[in-house]
Amino acid sequence: MKIVVALKQVPARDSVLRVGSSARWIQEDDLSYEVNEPDAYALEAGLQLKEKHGGEVIVVSAGAARAAQSIREALAKGADRAIHIEEEGLDAWDTLGIAGLIAKAVESEKPDLILTGLQSDDLGYGQTGVVLAELLGLPHATIIMEVEKLDGAIKVKRELEGGWFQHVEMPLPALLTIQSGISKLRYATLMGIKRAKTKEVRRVTAADLGAAPAQAMEIRRVYLPQKTKQTEMLDGNPKQAAAKLVERLKFVVRVI
């Protein structure tokens, strides 16, 4: 199988985020970056399929020059080669523009399967994968928990609400967005890190691909959420008050 995994580099989860002076985005000067966690699960799913059925895993990432670090990490974990769409200022591109970049970059690869994370940790739109599938004319499914290869097709397990699941058979080629937490993520071995230095990374730009942002996206204001406190008295006898408390813990606070 030829598997393409879309990968994004995002600010590290433990970063201290500060709003920039323009109040339009966060300060990026002192941030550290890492592989978007949902995309890391997509990579792991691709590597497991390769180990079972053979083939190759190709990582594609659109981002600034610093994204090369995350690409090398993916290669060290077992990806065979990579495509780096090296472009500054992609934060101003909308989802359609980003998906269009990736579509043009992977079109000539003719992969059997494209995997993306469910969403990105920084913006969280959850749109790139499905828009990419539409641009490439591929069948797609989201929130995937399991992938089983069949003869010329795949069978997937989708997570639905309320603890329900859906099993779907799909033809290949196809695109899947992978749910986080479906498996244990691997670490790069020392040998993998050494091999990554010799693996191919093809660098292209938006101009090379003949792509342009579908529409400029403008973020007008970024601000920290305000914390508020509120006290609510639960009326009724002890039994009624306890029932109301359990209801709020389940559906409002969501801790049980």
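Within segment 20-49, the set of residues being charged (D, E, K, R) and under 16 Å from Lys184 (Cα atoms) comprises Glu37, Asp39, Glu44. Test Pro11 against the stated conditions and say whether it is surrounded by 20 or more Cβ atoms within 10 Å (Cβ to Cβ), touching a residue at least 24 places away in the same chain (Cβ under 8 Å) and out of contact with any helix residue (DSSP H, G or I) (no Cβ under 8 Å at 6 or more places or on another chain). No; evaluated as a whole, the condition is false for this residue.
Among the criteria (1) of a type in the set (Lys, Arg); (2) surrounded by 10 or more Cβ atoms within 10 Å (Cβ to Cβ); (3) at pLDDT below 90; (4) under 30 Å from Ala45 (Cα atoms), the one Arg254 does not fulfil is (2).
For segment 195-205, the criterion of being surrounded by fewer than 17 Cβ atoms within 10 Å (Cβ to Cβ), under 21 Å from the mean Cα position of the chain (by Cα) and over 21 Å from Ala62 (Cβ atoms) is met by no residue.
If only one of Leu115, Leu138, Leu123 is hydrophobic (A, V, I, L, M, F, W, C) and modelled with pLDDT under 95, which one is it?
After ruling out the rest, the residue left standing is Leu123.
Cβ-Cβ contacts under 9 Å between residues 6 or more apart (or on different chains), taken from a first residue in segment 72-85 that is touching a residue at least 24 places away in the same chain (Cβ under 8 Å) and over 15 Å from Lys50 (Cα atoms) to a second residue that is assigned to a strand (DSSP E or B) and of a type in the set (S, T, N, Q), are listed as Ala82/Ser61; Ile83/Ser61; His84/Ser61; Ile85/Ser61. Going by the conditions given, is Gly55 on the phi > 0 side of the Ramachandran plot, out of contact with any Asp or Glu (no Cβ under 7 Å at 6 or more places or on another chain) and surrounded by 15 or more Cβ atoms within 10 Å (Cβ to Cβ)? Yes, satisfied. If you go through segment 127-155 and keep only what is under 19 Å from Glu51 (Cβ atoms) and touching a His at 6+ places or on another chain (Cβ under 8 Å), you end up with Lys149, Lys155.
Taken over segment 78-117, the criterion of being farther than 18 Å from Met1 by Cα, in a helix (DSSP H, G or I) and of a type in the set (A, V, I, L, M) is satisfied by Leu90, Ala92, Leu96, Ile98, Ala99, Leu101, Ile102, Ala103, Ala105.
Mind checking which residues of segment 81-98 are touching a strand residue (DSSP E or B) at 6+ places or on another chain (Cβ under 8 Å) and either surrounded by 18 or more Cβ atoms within 10 Å (Cβ to Cβ) or closer than 30 Å to Ile219 by Cβ (or both)? So that I can check it myself, show each step before the final result.
Filtering segment 81-98 for residues touching a strand residue (DSSP E or B) at 6+ places or on another chain (Cβ under 8 Å) gives 81-87, 90, 92-94, 98.
The answer is Ala82, Ile83, His84, Ile85, Glu86, Glu87, Leu90, Ala92, Trp93, Asp94, Ile98.
Looking across Arg158, Arg72, one residue alone is surrounded by fewer than 21 Cβ atoms within 10 Å (Cβ to Cβ) and assigned to a helix (DSSP H, G or I). It is Arg72.
Are any residues in segment 161-175 surrounded by 15 or more Cβ atoms within 10 Å (Cβ to Cβ) and either out of contact with any helix residue (DSSP H, G or I) (no Cβ under 6 Å at 6 or more places or on another chain) or among the β-branched types (Val, Ile, Thr) (or both), and if so, which ones?
Step one: of segment 161-175, the residues surrounded by 15 or more Cβ atoms within 10 Å (Cβ to Cβ) are 170, 172-175.
Answer for segment 161-175, where residues must be surrounded by 15 or more Cβ atoms within 10 Å (Cβ to Cβ) and either out of contact with any helix residue (DSSP H, G or I) (no Cβ under 6 Å at 6 or more places or on another chain) or among the β-branched types (Val, Ile, Thr) (or both): Met170, Leu172, Pro173, Ala174.
For Val59, the conditions (1) more than 22 Å from Leu17 (Cβ to Cβ); (2) in contact (Cβ under 8 Å) with a residue 60 or more places away in the chain are fulfilled apart from (2).
Name the residues in segment 118-155 that are in a strand (DSSP E or B), within 11 Å of Ala174 (Cα to Cα) and of a type in the set (A, V, I, L, M, F, W, C), would you? Listed by number, the residues that qualify are Ala141, Ala153, Ile154. All told, Ile71 meets the bar of being out of contact with any Cys (no Cβ under 6 Å at 6 or more places or on another chain), under 21 Å from Gln9 (Cα atoms), modelled with pLDDT of 95 or more and aliphatic (A, V, I, L, M).
The values are calculated or read from the model by the stated rules, or taken from the named source; none is laboratory data. Quantities reported herein were computed from a predicted structural model and do not represent experimental measurements. So basically every Cβ, Gly included, is an ideal-geometry build from the backbone, and we count neighbours across all protein chains shown.
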